[in-house]
Each structure stands twice: as C-alpha cells, then as structure tokens.
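In what follows, a structure is listed as structure tokens, so that the remarks can point back to it.
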Amino acid sequence: LPGGTNARSRLQESRERLSVCSKLCYAVGGAPYQITGCALGFFLQIYLLDVAQLDAFYASIILFVGRAWDAITDPMVGFFISKSSWTCFGRLMPWIIFSTPFAVISYILIWFVPDISRGQVMWYLVFYCIFQTLVTCFHVPYSALTMFISREQSERDSATAYRMTVEVLGTVLGTAIQGQIVGKVDTPCIESPLFIGMTNSSVALEELNMTHDTGSLTDTRNAYMIAAGVIGGLYILCALILWAGVREKRESSELQSDEPVSFFQGLKLVMNHGAYIKLIAGFLFTSLGFMLLEGNFALFCTYTLGFRNEFHNILLAIMLSATLTIPFWQWFLTRFGKKTAVYVGISSAIPFLIMVVVLDSNLIVTYIVAVAAGISVAAAFLLPWSMLPDVVDDFKLQHPSSHGHEAIFFSFYVFFTKFTSGVSLGISTLSLDFAGYQTRGCSQPSEVNFTLKMLVSAAPVVLILLGLLLFKLYPIDEEKRRKNKKALQDLREESNSSSESDNTELASIV
C-alpha cells in the first residue's frame with residue numbers, strides 16, 4: 001500500500017507538472033497590467049502637470065480618485081467572479097478576453113489632450129477610472145488563475161517566478177516604450193521672469209515662451225499618443241497569448257459540487273484568517289514605500305537632480321536591473337526561505353534610497369544607485385505574489401469544505417495596497433501644490449525640491465521599516481509551508497480515493 005500510494009502520488013505530480021510553454025504563456029498574461037501600470041505610475045503625474053497643464057491640486061484629485069476607484073473595483077470584480085459559472089473557456093478566462101479591447105481604448109484616451117477649454121479634469125478622471133475598472137477585470141481573474149493552473153505548490157511557485165520575470169520585463173517595456181518615445185521630444189519649460197519689476201520685459205518673455213512652446217508641446221502630446229498606441233497593441237497581443245496557451249483546471253472537490261459560493265460568508269472567513277491579514281499588513285507598508293518612490297521619481301530626477309533629459313534612462317536602468325535579478329531571488333527564496341528573502345531583499349533598498357538624496361547630484365552615481373535599487377525592486381515584485389498562494393493553501397486546510405474563494409484573496413490583497421497607494425499618491429501631489437510647484441517650470445522652488453526628497457527617500461524608508469517590523473508576525477515559515485504541502489497532498493489523495501470508490505460502487509450497482 002505505501003508503495004502504491006507513493007506511485008499514485010508521483011503519477012499525480014507528473015500530471016500536474018506544467019510545460020515551459022504553458023508557464024511562459026501564463027507569465028505573458030501578467031505583462032499588460034505591469035506595462036500600463038508602470039507607464040501610468042512613472043509618467044501620469046508629470047504628464048498631467050507639464051503636458052496637459054493641469055493645476056497640481058486637480059492632478060492630485062485625479063490621481064487619488066483614480067487609485068481609490070481602482071482599489072474599490074478589485075473586491076467588486078472579485079465578487080462577480082465568485083458568482084461566475086464555469087464555461088468551456090473556464091470561469092476566469094472570459095473576463096480577461098472580453099475586457100481587453102475596451103481597456104485598450106480607454107487607456108489610449110487617457111493620454112489624449114482634448115481641445116476643450118473646460119472639462120479636462122473630468123475627461124482624465126472619467127477615462128482613468130474606466131481604464132482602472134477594465135484592467136481590474138483582467139488582472140483579478142489573472143491573479144486568481146495561479147490557483148487553477150496546477151494543484152502542485154512547486155509548479156505554482158515556478159509559474160509565479162516565470163510570471164514575475166515577465167512582469168518586471170513588462171515594467172521595463174512600459175518604462176522603455178513610454179520613456180524613449182517621449183524622451184526623444186523635449187518637453188518645453190517656462191523660465192521664471194528675471195526682471196519682475198519690468199512689466200514690458202515680463203510680457204515679452206511670456207509671449208516668446210508661448211510662441212516657442214506651441215510646436216514642441218504638440219510634438220510632446222503626439223509622442224505620448226504614439227507610446228499609448230504601442231502599449232495598447234502589446235496589451236492585446238499578451239491577452240491573446242494567455243488565452244491560447246493556458247487552460248484552467250478545477251479542483252476535484254469542486255467537480256463534485258457546483259453549489260454557488262456565498263461571497264460575504266467567504267469574505268468573512270478570509271478576513272478572519274490570521275496569516276492573510278498579517279501578510280497584507282507587512283506588504284501594505286513596503287508596497288506604499290515603493291509606490292511613493294515610483295510616483296515621484298520622474299519629478300525628482302527632472303527638478304531635484306537636474307536630469308531633465310536623462311530620467312527615462314535612469315528609470316530604465318532600475319527596471320532592467322530588477323528584471324535580471326528576479327531569477328536570483330527565486331533561487332534565494334528556494335534556498336533560504338521566503339521570509340528571509342523578504343528581509344534581505346526589501347531592506348537592501350534602504351541605503352540606496354538614502355544615498356540618492358544625500359550625495360551631490362552626479363549622473364554616474366545616480367545610475368549606480370538606480371541599478372542597485374533595482375535589485376530590491378525585484379524582491380518587492382516577486383515575494384508578495386509568491387507567498388499569497390501559501391496563505392490560500394493554509395486557508396484550505398483550515399476550511400476544507402469551503403471552495404471558490406481564491407478571487408477574494410487576490411482581489412482584496414490588491415485592494416488594500418491600491419487604496420492606500422492612492423491616498424499616498426494624492427497626498428504627495430497635494431504636498432507639491434502646497435510647496436509651490438510651478439507647472440512646466442524649468443526649475444522649482446527649494447521647498448518643492450525638499451518635498452521631493454522626502455517623498456522619494458525619507459517616507460519610503462520609514463514605510464519599508466514599518467512593513468518589515470509587521471512582517472515579523474507572519475506565521476508561515478518554511479517548516480509550516482512543508483507541513484501544509486504534505487497535508488494538502490494527503491487531503492487530495494483521500495478525496496481522489498473516495499471518489500474512485502464511489503465510482504466503483506456505482507458501477508457495481510448498475
């Protein structure tokens with residue numbers, strides 16, 4: 001019997017093993033969210049301020065409301081997915097495919113400057129919110145798909161590593177496409193009048209600036225539209241590859257019962273699961289730190305460091321470094337455990353965040369710091385999504401009769417990080433407004449430069465340290481993870497053997 005059990009276990013593992021092609025197709029599906037998210041995260045703020053020429057206060061409203069709405073749509077979509085029935089394409093894939101064309105249209109319209117004197121704020125707010133809703137209809141089911149591509153934990157971890165590599169590559173593409181296309185056009189700035197007391201000189205200078213800027217600002221707007229079109233095409237291509245190469249698998253226990261899942265009952269169970277809450281608490285603050293850095297880094301490079309024509313290359317250096325080090329962090333977490341990888345990987349960003357504001361502005365030093373910071377960004381990308389399936393497995397062991405709550409786990413995980421990041425991004429843009437940010441200025445007041453230093457260094461460092469302290473409470477270490485894996489395997493074998501005996505009994509009756 002033990003030999004038969006081991007043979008059956010090995011056979012089950014071989015059936016659940018994913019091919020490299022399947023893992024790659026699955027991983028490619030994560031790129032659209034990261035490509036668009038990176039382009040919006042790094043460039044939307046400076047686009048609204050210096051290209052669309054919105055007041056910093058209104059830009060902060062758009063960024064905050066858009067992010068907050070994005071956060072709210074995650075549990076909403078999670079609710080509707082949990083109520084969705086299985087189709088010939090699965091339960092999650094139809095959401096991904098049908099949302100894609102509308103998401104691409106709304107994304108392109110975000111980067112369009114409408115020729116209207118009033119209503120520009122509403123234009124960007126509406127299309128930003130529409131896009132966030134549609135991309136959520138793509139990303140939440142895609143994230144939950146992790147639990148349906150294989151029942152083997154090692155295969156899911158491997159697929160997650162593929163996914164994180166492609167997603168970080170997606171951030172590189174988003175940064176490269178947006179940055180290189182837009183960076184080839186010089187966005188005009190307005191010099192402050194040197195002779196404030198001389199009215200005629202000020203008027204002449206303003207007229208000269210307006211005449212000089214009209215053509216180049218139009219070129220800048222066209223560049224943003226071209227970048228949006230290229231990114232939109234990649235979004236559609238990645239969705240088609242995901243649809244063609246990945247198939248959802250249903251748990252054997254789910255096949256026996258198709259009773260509708262109670263969303264609110266499931267939500268209550270999920271929110272009472274201690275490991276889930278502690279994982280969210282830890283990564284909430286670390287994610288906030290990196291998102292503050294992301295949202296303000298373009299402005300910091302442009303004004304505080306003075307690298308107006310280099311910031312897109314600096315961003316590209318960060319993302320390339322992150323992409324190349326994803327395999328290293330995958331090896332590290334396998335060798336030393338996921339909690340150790342969290343402490344080492346994410347804390348390694350702190351000295352470089354301090355260096356970038358303490359050292360004098362130097363382009364070579366900035367590139368070195370960017371490459372080093374990218375190593376930590378890779379860990380911040382990989383680890384949260386690698387650990388969440390462990391929490392779902394732990395939940396399944398504690399609630400073996402409860403099924404179909406994967407979308408709740410993934411949607412609320414994204415909800416908390418997005419909502420708080422929306423608050424922080426809105427506050428950061430509002431802080432720049434209070435500091436006296438000059439729209440399209442060639443330079444900024446010292447108060448703005450000080451605020452930018454706080455937003456890309458001091459605040460992220462404090463948030464990362466808080467997150468790491470909270471993460472000490474996370475209960476699933478490597479030993480617990482191995483025990484959960486074995487217990488789940490035993491549970492599945494018991495379920496399969498009982499199903500086989502039921503089928504044998506039914507056949508004998510017939």
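The values are calculated or read from the model by the stated rules, or taken from the named source; none is laboratory data. These figures come from a predicted structure and were not determined experimentally. Ideal geometry is used to build each Cβ from the backbone, glycine not excepted, and the neighbour counts take in all protein chains shown. All accessible areas refer to the heavy atoms of the entire protein, side chains included, with ligands and DNA or RNA removed. Shrake-Rupley method; radii C 1.70, N 1.55, O 1.52, S 1.80 Å.
Across segment 22-37, rounded Karplus estimates of 3J(HN,Hα) from the backbone phi angles (6.51 cos²θ - 1.76 cosθ + 1.60, θ = phi - 60°) give 5, 5, 5, 5, 5, 5, 4, x, x, 5, x, 4, 6, 4, 5, x Hz, Gly and Pro being marked x. In segment 416-470, the portion of solvent-accessible area held by carbon and sulfur atoms comes to 73 percent [1.4 Å probe, whole percent, DNA, RNA and ligands not counted].
Calculated accessible area for segment 265-308 comes out at 30 Å² per residue, all protein chains present (probe 1.4 Å; ligands, DNA, RNA ignored). Given a 1.4 Å probe and the protein chains as shown, E248 ends up with an accessible area of around 30 Å².
Taking N as the residue count of segment 28-185, its C-alpha radius of gyration divided by 2.2 N^0.38 Å amounts to 1.14.
When all protein chains stay in place and ligands, DNA and RNA are ignored, the 1.4 Å accessible-area order of D70, D55, largest first, is D55, D70.
At the listed q of 0.16 Å⁻¹, the Debye profile of segment 263-491, built from one uniform point per Cα, gives log10 I(q)/I(0) equal to -1.09. Think of segment 263-491 as a dipole: +1 on every Lys or Arg Cβ, -1 on every Asp or Glu Cβ, centred on the Cα centre; then among M319, M271, F381, M271 lies furthest on the positive end. My understanding is that a pair violates if its Cα-Cα distance is over 26 Å; which of K278/K485; K249/K339; K339/K483; K23/K472; K278/K338; K184/K418 do that in this structure? In this structure, K249/K339; K23/K472; K184/K418 exceed 26 Å between Cα atoms.
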